[in-house]
1. Please work out if ALA109 is among the small types (Gly, Ala, Ser) and open to solvent by 30 Å² or more (accessible area, probe 1.4 Å).
2. Residues that are exposed (fewer than 14 other Cβ atoms within 10 Å of the Cβ) and more than 30 Å from ASP215 (Cβ to Cβ): does region 58-81 have at least one?
3. Here are the criteria: (1) part of a helix (DSSP H, G or I); (2) open to solvent by 60 Å² or more (accessible area, probe 1.4 Å). Tell me which single one GLY403 does not satisfy.
4. Count, please, the residues in region 181-200 that happen to be open to solvent by 10 Å² or more (accessible area, probe 1.4 Å), free of Cβ contacts under 8 Å to residues at least 60 places away in the same chain and in a strand (DSSP E or B).
5. Out of curiosity, is LEU163 assigned to a helix (DSSP H, G or I), out of contact with any Lys or Arg (no Cβ under 6 Å at 6 or more places or on another chain), within 16 Å of LEU87 (Cα to Cα) and not acidic (Asp, Glu)?
6. I need the full set of residues from region 201-211 which are of a type outside the set (S, T, N, Q) and surrounded by 15 or more Cβ atoms within 10 Å (Cβ to Cβ), in order please.
7. Would it be correct to say that ALA121 is loosely packed, with under 15 Cβ neighbours inside 10 Å and aliphatic (A, V, I, L, M)?
Amino acid sequence: MGGFWHGIAMRIYRVGIGLAAACGHAKARGWLAMRKGRLEALGVATSRLKPGQQWMWFHCASVGEYEQARPVMEAWRSLHPGDAFLLSFYSASGWNAFTRRQPEWWTAADHVTAMPLDVRASVRSFVQAAGGAERLRGLLFAKYDVWPTLVTLLAQAGIPVGLFAGHVLPGRWPFRWGGGYQRQAWKAMRRVWVQTEASLPTLFAHGVNSEVAGDPRFDRVLDAVNQHQPDQALQPWVNDRPCLVVGSAWHPEWDAARAAWQKGQCAIVVPHEWTADSIAAEASRWEAMGARPVVWSAHRSTDARAPLPEGDVLIVDAMGELLEAYAVADVVVVGGGFGKGVHNTLEPAAHGKRILVGPQVARFAEVAALETTGALSICDSPTTLRDAIQSALKNLDASRRAGLKAAEYAHQNAGAGMAIAQGWSNAL
């Protein structure tokens, strides 16, 4: 019965996406666009596999899950170089991030596609295009984007399914009333690996056999930090001033950073979303505070090596620059904590930085762990965040000691990517 209502909900959702797209909703249009022609393209990619070659299928909801999947995929390639990767996304943001920058180990035989709507007809067509049990070696979900109809049909076909980097909270969907159909899918999976022991009691209570393997994002961010080549213009721009970096900033973080700024300090702010008008408005707000704003695109849009003019705040209106910014920070604010949820705190942790965030952190096991070490502080309001920024920049020695604890925590949790890949290999 649960499957029937799930199917109805999926069809209603699809109608809603279509209506939103017709009304001009950008994300809805992206969702539809990434699925156009995908089934045919998958069939062609499957036909081009070598005799006996199989898909190792990884599914990621969006960008964050893809970052968790990358170390596992890379480890799997080292263990099973003959397999081809089938990588699926649910959201257009994940798809777009992948297509902008494919990893160096991605090959011509690998294929990226969109997850089908979780109804029987769509799932059957997708599995058939992927070659069924003959070509599908298995499917691994990243974190929690489990589609129950898909899991059921794969299980019926004898295709193994697993999940890694899970993070389950008591009372959250589907581990509460009404989530029975989805919980059946969790129980049907051959292996479930979670990030920390905190997820185990809920899973065990619902009959899901699981074990701790850690979070592969640690591998990803540590590798990125180890390979990082510093931007030669950023450190001279900072010029030994106490430096605050605000990553993935929303309005509350912008406001706190402005209110906390004092002469003799500098700030680098990387907004999560922006337009030309919003950047201009923010630059004006900093000017009103007596600070000199520098807009990244005005000096780096044509020449990535161009020097940066003197200023007090650098507003980075470009993608992919957070790693550079974190490298020169004394204190880091990670945005999102006053909205739907804090963004990635592992990148500044891997850099060994003192971290400040807003209160919306319940879904993120690493935030609680970093807070326990003393490397991270949770601020319950923009005013509290302002005060914490000022205190952290005034006490740089203490901030640097806290940053060392963050780096130690990151290194202690490395190795999950290979552990999961080896465990899945053994399971198959």
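The values are calculated or read from the model by the stated rules, or taken from the named source; none is laboratory data. No experiment lies behind these values; they were computed from the predicted model shown. All Cβ positions, glycine included, derive from the backbone under ideal geometry; neighbour counts span all protein chains shown. Note: areas computed on protein heavy atoms with side chains; ligands, DNA, RNA excluded. Shrake-Rupley method; radii C 1.70, N 1.55, O 1.52, S 1.80 Å.
1. Values: among the small types (Gly, Ala, Ser): yes; open to solvent by 30 Å² or more (accessible area, probe 1.4 Å): yes.
Yes.
2. no
3. So GLY403 meets the others, but not (2).
4. 0
5. Numbers: assigned to a helix (DSSP H, G or I): no; out of contact with any Lys or Arg (no Cβ under 6 Å at 6 or more places or on another chain): yes; within 16 Å of LEU87 (Cα to Cα): yes; not acidic (Asp, Glu): yes.
No.
6. Within region 201-211, the first condition is being of a type outside the set (S, T, N, Q), and the residues that meet it are 201, 203-208, 211.
Matches in region 201-211: LEU203, HIS206, VAL208.
7. Values: loosely packed, with under 15 Cβ neighbours inside 10 Å: yes; aliphatic (A, V, I, L, M): yes.
Against the criterion (loosely packed, with under 15 Cβ neighbours inside 10 Å and aliphatic (A, V, I, L, M)), ALA121 qualifies.
To keep it simple, each residue is scored yes or no on (1) within 23 Å of THR383 (Cβ to Cβ); (2) open to solvent by 20 Å² or more (accessible area, probe 1.4 Å); (3) out of contact with any Phe, Trp or Tyr (no Cβ under 7 Å at 6 or more places or on another chain); (4) among the aliphatic types (A, V, I, L, M).
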position	(1), (2), (3), (4)
GLN232	no, yes, yes, no
PRO242	yes, yes, yes, no
ILE268	yes, no, yes, yes
LEU323	no, yes, yes, yes
